Amino acid sequence: MFQKLDLKLTERTSSGIRLTKAGALIYQDARFLIEYSRKSLAGARAALLAEDRTFCVGTSLLNPAKPFMDLWYRINKDFPDYKLHLVPFEDDHNGILSEIEKLGEKFDFLIGVCDSRAWLSRCCFLPLGTYRKMIAVPREHRLAGRKRLKLKDLYGETLMMVKRGDSGHNDFIRHELETHHPEIRIEDTPQFYDLSVFNRCAETGNVLLTIECWQDVHPGLATIPVDWEYEIPYGLLYSLNAPEDVLRFVKAAEKLIRPE
């Protein structure tokens, strides 16, 4: 076909075969079309499932669906005709907001740790509980064998945590540490954690502010409780324009966790 169009897509050089400018452009567009087709098919499947009285629930390494499943088995008697379909997604810190915006399309629900202003501007949130803030360290770190830490144990360490401005709970912790424990250096991470943050902790020997439900995210890290009272809420995320059955599920969940 390209011969008929008089297009030369590759050329031979002294180091081998490479794409011409025309070839590189077609290759780039072809990759886009393939990815677009994949996403389109995924959306079509999700739409088909929606017609079959199915709740689509997002799940990822840092935002697993297990808390939703625990909730579902306490409520599903009120939804006898419904099935569940788990939809995997990536925790990539550059793309997580676009995933949140797909609530109501790609998923009906996500379960996540959430006090992010950016997240809460894109979805509704029903708090289900809180997770304790903890510290993760590489397994060869001097603190790795400790059962529990005091704040003074972190003096001289570099603590990785999300940069200021999006999370009220994390901003409060940062303020407390900077004001009362300046011996702890603070290094900004991306605004939202993904696996790269845990990898950096393991590779640099720094310590990481984390939460109890992420204890098994990275096998090279040990997660240790600290003598503080810091927590962060987690809960049910759903679309700002959720349909009637999703809102009915949310009301049932709220009634369950907050009985009159």
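The values are calculated or read from the model by the stated rules, or taken from the named source; none is laboratory data. It should be emphasised that the depicted structure is a prediction, and the values quoted were computed from it without experimental measurement. Glycine gets a Cβ as well: all are built from the backbone with ideal geometry, and neighbour counts include every protein chain shown. All accessible areas refer to the heavy atoms of the entire protein, side chains included, with ligands and DNA or RNA removed. Shrake-Rupley method; radii C 1.70, N 1.55, O 1.52, S 1.80 Å.
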Check your understanding: Within segment 224-236, which residues are farther than 21 Å from Asp115 by Cα and either open to solvent by 30 Å² or more (accessible area, probe 1.4 Å) or in contact with a Pro (Cβ under 6 Å, 6 or more places away or on another chain) (or both)?
Key -> Asp227
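So which of Arg45, Arg53 ends up being open to solvent by 100 Å² or more (accessible area, probe 1.4 Å), within 27 Å of the chain's Cα centre (by Cα) and modelled with pLDDT of 80 or more? Explain how you work it out, then say what you get.
Numbers: Arg45 fails: modelled with pLDDT of 80 or more.
Going through Arg45, Arg53 in turn, just one is open to solvent by 100 Å² or more (accessible area, probe 1.4 Å), within 27 Å of the chain's Cα centre (by Cα) and modelled with pLDDT of 80 or more: Arg53.
Consider Cys213 carefully, then state whether it is part of a helix (DSSP H, G or I), under 30 Å from Gly104 (Cβ atoms) and open to solvent by less than 70 Å² (accessible area, probe 1.4 Å). Walk me through it before giving the result.
On the way: part of a helix (DSSP H, G or I): yes; under 30 Å from Gly104 (Cβ atoms): yes; open to solvent by less than 70 Å² (accessible area, probe 1.4 Å): yes.
Judged against the criteria, Cys213 is a match.
Test Leu247 against the stated conditions and say whether it is among the hydrophobic types (A, V, I, L, M, F, W, C), loosely packed, with under 13 Cβ neighbours inside 10 Å and outside any strand (DSSP E or B). Let's see the steps before the verdict.
Working: among the hydrophobic types (A, V, I, L, M, F, W, C): yes; loosely packed, with under 13 Cβ neighbours inside 10 Å: no; outside any strand (DSSP E or B): yes.
So Leu247 does not fit the description; no.
Is there a residue being in contact with a strand residue (DSSP E or B) (Cβ under 6 Å, 6 or more places away or on another chain), modelled with pLDDT of 95 or more and either open to solvent by less than 80 Å² (accessible area, probe 1.4 Å) or part of a loop (DSSP other than H, G, I, E, B) (or both) anywhere in segment 93-101?
Filtering segment 93-101 for residues in contact with a strand residue (DSSP E or B) (Cβ under 6 Å, 6 or more places away or on another chain) gives none.
No.
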Check your understanding: Is it the case that segment 192-200 has a residue that's in contact with a Leu (Cβ under 7 Å, 6 or more places away or on another chain) and either modelled with pLDDT under 95 or farther than 20 Å from Asn63 by Cβ (or both)?
Key -> no
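What number of residues within segment 216-228 satisfy the criterion of being outside any strand (DSSP E or B) and in contact with a strand residue (DSSP E or B) (Cβ under 9 Å, 6 or more places away or on another chain)?
So in segment 216-228, the residues outside any strand (DSSP E or B) come out as 216-220, 225, 227-228.
Those left that are additionally in contact with a strand residue (DSSP E or B) (Cβ under 9 Å, 6 or more places away or on another chain): 216-218, 220, 225, 227-228.
Looking only at that region, the number is 7.
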Exercise for review: Kindly list, by first and then second residue, each pair from a residue in segment 85-96 that is within 18 Å of Gly43 (Cβ to Cβ) to a residue that is among the β-branched types (Val, Ile, Thr), limited to pairs with Cβ atoms under 6 Å and residues at least 6 apart or on different chains.
Suggested key: His85/Thr54; Leu86/Val57; Leu86/Thr59; Pro88/Thr59
